[in-house]
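Enquirer: Have a look at this one.
The values are calculated or read from the model by the stated rules, or taken from the named source; none is laboratory data. If you're wondering where the values come from, they're calculated on a predicted model, not measured in any experiment. Positions of Cβ are backbone-derived with ideal geometry, glycine not excepted, and every protein chain shown enters the neighbour counts. Side chains included, ligands, DNA and RNA excluded: accessible areas come from the protein's heavy atoms. Shrake-Rupley method; radii C 1.70, N 1.55, O 1.52, S 1.80 Å.
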Amino acid sequence: ATNATGAPLRVTYRASVEPLPLTSRQELELRLVLAVLSSIFVLVPFCYIPAAFCTYVVRERATGAKHLQLLSGARPSLYWLATYLWDLLLYFCLTALVLVVLLAYGE
């Protein structure tokens, strides 16, 4: 196509998208999906907590620390109580950190 002087016409197209507002059902579905995803992202790190406790047991088994303590006169019940209390302390520290993060984000 040409104009009156014979020069070619420059044709341009412009498109714009203006989405409709979400319905109440769509907003509910979106909130549900976001809640599920956020809960997954919060719960996945909790899988690493037992792994953190297992590394101590594996390292103790490899070095023979329990055997050495038992040979030096420590009672087995005291050894296991100390191990349990240490694991409990680590768990409470991790739980407190998670609560601090959740409170910081207002959840």
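Enquirer: Counting only protein heavy atoms and using a 1.4 Å probe, what share of the accessible area of the chain belongs to carbon plus sulfur, as a whole percent? Mind dumping the intermediate values first?
Expert: Values: 6900 of 9930 Å².
Taking all protein chains in place, the chain shows 70 percent carbon and sulfur surface.
Enquirer: For the chain, what does -39500 (n - 2.57) per DSSP helix run (n ≥ 4), summed and divided by total residues, give at 222 nm, in deg cm²/dmol to the nearest 500?
Expert: Values: 4 runs with 72 residues, N = 107.
Calculated mean residue ellipticity at 222 nm is -23000 deg cm²/dmol.
Enquirer: Which residue, Pro76, Pro50, Pro19, has the most motion in a Gaussian network model of the chain that connects Cα atoms within less than 10 Å?
Expert: Comparing Pro76, Pro50, Pro19 in a Gaussian network model of the chain, the most mobile one is Pro19.
Enquirer: Loop-only trypsin sites (Lys or Arg not before Pro) in segment 1-84, please: DSSP not H, G, I, E or B, and at most 15 other Cβ atoms within 10 Å. Before the final figure, lay out the partial values.
Expert: Values: sites: Arg10, Arg14, Arg25, Arg31, Arg59, Arg61, Lys66; in loops: Arg10, Arg14.
Filter output for segment 1-84: Arg10, Arg14.
Enquirer: Please work out the average accessible area per residue across the chain, using the 1.4 Å probe convention, and give it in Å². Mind showing how you got there, number by number?
Expert: Values: 9930 Å² over 107 residues.
With the other protein chains kept in place, the chain gives 93 Å² per residue.
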